[in-house]
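Can you keep this structure in mind? I'll have questions shortly.
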Amino acid sequence: MDLPRAEVRDSAEFKEDMGEALKRFTTSSPDYADTDLIDVLRRRDYARLDELGHTYLDYTGGSLYAESQVQEHLDLLLHSVFGNPHSSNPTSSAATHLAERAREDTLRFFHADPREYAVIFTQNASGALKIVAESYPFGPGSRLLLTADNHNSVNGLREFAAAKGASVRYIPLAADMRLDGESLASELAAGAGSAPSLLAYPAQSNFSGVQHDLGWIAKAQEKGFDVLIDAAAFAPTNELRLDMVHPDFIDISFYKMFGYPTGVGCLLARYDALKKLVRPWYAGGTVAFASVSAFSGRGTAHRLFDAPFAFEDGTIDYLALPAVSIGLRHLGGVGVKTVHKRVMLLTGWLVQALTDLRHQNGGPVCEIYGPNNLEARGATLLLNVRDPEGRLVDYGAVQRAADAQNISVRSGCHCNPGAREAALHMDPLLLKESFTHRAQSSEEFLESVHDRLDGGVRVSLGIVSNFADVYRFVDFVRGFSM
């Protein structure tokens, strides 16, 4: 079939059509006017988007930074002197002060009691998850409950758990890509094991945008489980209040929240939960003291610092941490509630507009995986384009066509194989066979599951998304209709 036109249609015609659509949208969604300050922010701090003609719809992949964030950080670096914080000299003390401020700012942003939660700085959310994975005291009698909807960085916990003799169970997804509540309730009712046990699930799916009930946190804890919440896709456009829910571990990537800096994330962890963790090694920055001569091959000859420092291997990215504080102030100044209101109104319009697109024979132009409404979903959606006969169009071709129009979306399985397999109804037996026969490449894997697509196109909204962004994407997808 023909792909969407590589060139944008006549600018005047496009703007006229979009203008009419915007009028209808704002009439039906008057609350959108409450978010007008985001348009001001976009013109002032993100002008490069429109100056360069970008339609950015990959906020779950990474948010965008404001010019003011970079400038404030640059000014700080140019007019200060900072040294490695593992010392008490003046430059080290200056860096330590700003690192501790970033911890305080992070706790404040998430409404976390500093007496209950620690902030452990990591490279990203995956680094935060690895700390839990390698240090959690899994053993025979432990239970690890994972949900089929999890990022691979969460799925990776199973490798450590299984190696230590724990049982690993997956909670399946229902037809609408939500958790099968009965299955989860049944697993929790069975109770935690005789050894420490853990439930891990995302607050919001990075694949479908489904938001999973945070009420499961308290229910699991009542049954003796510790709970890990993956908040990487949730935190950028939703308020996470740790004074209202109290998961034991939460992973965060700051660049997904406000774009800059990259390479810094954190693990928010309850002090009581951190006491259970057993670090498999130590590094510079994590130990109060260590000995070579006292080490006999048995026992330990080192003493870890208290949390959070016992979990921060090596030197933290002390020059980037001031930018975390700057970014948190920036997002806080806009208001997460304001961002949430805007992106959800736009998501509602986008879902409906895409659903309404039809081929000449009446068949749908695209399929959206997950909820077709706004109930318990975020501003991320996963879709595939279908041809007039209902066949899936290669998402790689859709990606390339979007690239040609300067539209940034993301395609693939998005590191979430469980959600992919549920959405695309992939046969578990064929999947098992593919690993039995040791498929070594993506191409071999796809061939082994009968050439099925292994993902789709993901569209996600964020801090400065506007109506023009979603309208242009719908106009792009309309190019597939025949």
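The values are calculated or read from the model by the stated rules, or taken from the named source; none is laboratory data. Since the structure is predicted, the reported quantities are computational estimates derived from the model, not experimental observations. All Cβ positions, even for glycine, are placed from backbone atoms using ideal geometry, and neighbour counts span all protein chains on display.
If you go through segment 236-254 one residue at a time, how many are under 12 Å from the mean Cα position of the chain (by Cα) and crowded, with 24+ Cβ neighbours inside 10 Å? Lay out the reasoning, then the answer.
Step one: of segment 236-254, the residues under 12 Å from the mean Cα position of the chain (by Cα) are 236-238, 250-254.
Filter once more, keeping what is crowded, with 24+ Cβ neighbours inside 10 Å: 236-237, 250-254.
Number satisfying all stated conditions: 7.
Looking at LEU277, LEU304 in this structure, which one is closer than 21 Å to ALA133 by Cα, free of Cβ contacts under 8 Å to residues at least 40 places away in the same chain and assigned by TED's automatic domain parsing to the domain that holds ASP226?
Working: LEU277 fails: free of Cβ contacts under 8 Å to residues at least 40 places away in the same chain.
Exactly one of LEU277, LEU304 is closer than 21 Å to ALA133 by Cα, free of Cβ contacts under 8 Å to residues at least 40 places away in the same chain and assigned by TED's automatic domain parsing to the domain that holds ASP226, namely LEU304.
Filter segment 321-370 down to the residues that are surrounded by fewer than 23 Cβ atoms within 10 Å (Cβ to Cβ) and polar (S, T, N, Q), then identify the one that is farthest from LEU22 (Cα to Cα).
SER325
Taking the options LEU345, LEU319, name whichever one is among the hydrophobic types (A, V, I, L, M, F, W, C), in a loop (DSSP other than H, G, I, E, B) and touching a residue at least 60 places away in the same chain (Cβ under 8 Å). Talk me through it step by step, then tell me what you get.
On the way: LEU345 fails: in a loop (DSSP other than H, G, I, E, B).
Result: LEU319 is the single residue among LEU345, LEU319 that is among the hydrophobic types (A, V, I, L, M, F, W, C), in a loop (DSSP other than H, G, I, E, B) and touching a residue at least 60 places away in the same chain (Cβ under 8 Å).
Looking at (1) without any contact (Cβ under 8 Å) to a residue 60 or more places away in the chain; (2) part of a helix (DSSP H, G or I); (3) in the same structural domain as LEU157 (by TED's automatic domain parsing), find the lone condition where GLN71 falls short.
Going through (1) without any contact (Cβ under 8 Å) to a residue 60 or more places away in the chain; (2) part of a helix (DSSP H, G or I); (3) in the same structural domain as LEU157 (by TED's automatic domain parsing) one by one, GLN71 breaks only (3).
Among the candidates ALA310, ALA288, single out the residue that is assigned to a helix (DSSP H, G or I), free of Cβ contacts under 8 Å to residues at least 40 places away in the same chain, of a type in the set (A, V, I, L, M) and in contact with a strand residue (DSSP E or B) (Cβ under 6 Å, 6 or more places away or on another chain).
Details: ALA288 fails: assigned to a helix (DSSP H, G or I).
Answer to the selection: ALA310.
What pairs can you find where one residue is in segment 30-56 and farther than 14 Å from ALA468 by Cα, the other is surrounded by fewer than 13 Cβ atoms within 10 Å (Cβ to Cβ), and their Cβ atoms are less than 7 Å apart, with a gap of 6+ or different chains?
Listed pairs, sorted by first residue: ASP45/GLU67.
Of all the residues that make up segment 406-427, how many are part of a helix (DSSP H, G or I) and either modelled with pLDDT under 90 or of a type in the set (A, V, I, L, M, F, W, C) (or both)? Outline the logic, then answer.
Filtering segment 406-427 down to residues part of a helix (DSSP H, G or I) leaves 417-423.
Next cut, either modelled with pLDDT under 90 or of a type in the set (A, V, I, L, M, F, W, C) (or both) only: 419, 422-423.
Adding up the residues that qualify gives 3.
Here is a further query. Name every residue in segment 295-305 that is assigned to a loop (DSSP other than H, G, I, E, B) and surrounded by 11 or more Cβ atoms within 10 Å (Cβ to Cβ), in order of residue number. Outline the logic, then answer.
We begin by selecting, within segment 295-305, every residue assigned to a loop (DSSP other than H, G, I, E, B); these are 295-301, 305.
PHE295, THR300, ALA301, PHE305 - these are the residues of segment 295-305 that are assigned to a loop (DSSP other than H, G, I, E, B) and surrounded by 11 or more Cβ atoms within 10 Å (Cβ to Cβ).
For the structure I just gave you, tell me whether SER434 is among the hydroxyl-bearing types (Ser, Thr, Tyr), farther than 17 Å from MET177 by Cα, surrounded by 13 or more Cβ atoms within 10 Å (Cβ to Cβ) and modelled with pLDDT of 90 or more.
Details: among the hydroxyl-bearing types (Ser, Thr, Tyr): yes; farther than 17 Å from MET177 by Cα: yes; surrounded by 13 or more Cβ atoms within 10 Å (Cβ to Cβ): yes; modelled with pLDDT of 90 or more: no.
Answer is no for this residue.
Could you tell me whether ASN361 is touching a helix residue (DSSP H, G or I) at 6+ places or on another chain (Cβ under 7 Å) and assigned by TED's automatic domain parsing to the domain that holds VAL474?
Values: touching a helix residue (DSSP H, G or I) at 6+ places or on another chain (Cβ under 7 Å): no; assigned by TED's automatic domain parsing to the domain that holds VAL474: yes.
No: the conditions fail for ASN361.
Would you be able to tell me the number of residues in segment 377-392 that are modelled with pLDDT under 95 and among the aliphatic types (A, V, I, L, M)?
Result for segment 377-392: 1.
So if I check each of SER183, SER208, which one is within 28 Å of ASN373 (Cα to Cα), under 21 Å from the mean Cα position of the chain (by Cα), surrounded by 15 or more Cβ atoms within 10 Å (Cβ to Cβ) and among the hydroxyl-bearing types (Ser, Thr, Tyr)? Give the steps one after another, and end with the answer.
Numbers: SER183 fails: under 21 Å from the mean Cα position of the chain (by Cα).
Going through SER183, SER208 in turn, the sole match is SER208.
Name the pairs: first residue in segment 218-247 and among the basic types (Lys, Arg), second residue at pLDDT below 95 and surrounded by 17 or more Cβ atoms within 10 Å (Cβ to Cβ), Cβ to Cβ under 9 Å, at least 6 apart or on different chains?
That search, which allows pairs on different chains as well, returns LYS223/ALA192.
Shifting gears a bit: So ARG101 passes all but one of these: (1) part of a helix (DSSP H, G or I); (2) surrounded by 15 or more Cβ atoms within 10 Å (Cβ to Cβ); (3) in contact with a Ser or Thr (Cβ under 6 Å, 6 or more places away or on another chain). Which condition number does it fail?
(2)
Would you tally the residues in segment 163-213 being part of a helix (DSSP H, G or I) and out of contact with any Leu (no Cβ under 8 Å at 6 or more places or on another chain)?
Let us first name the residues in segment 163-213 that are part of a helix (DSSP H, G or I), namely 163, 181-189.
Then drop every residue that is not out of contact with any Leu (no Cβ under 8 Å at 6 or more places or on another chain), which leaves 163, 181-183, 185-186, 189.
Number satisfying all stated conditions: 7.
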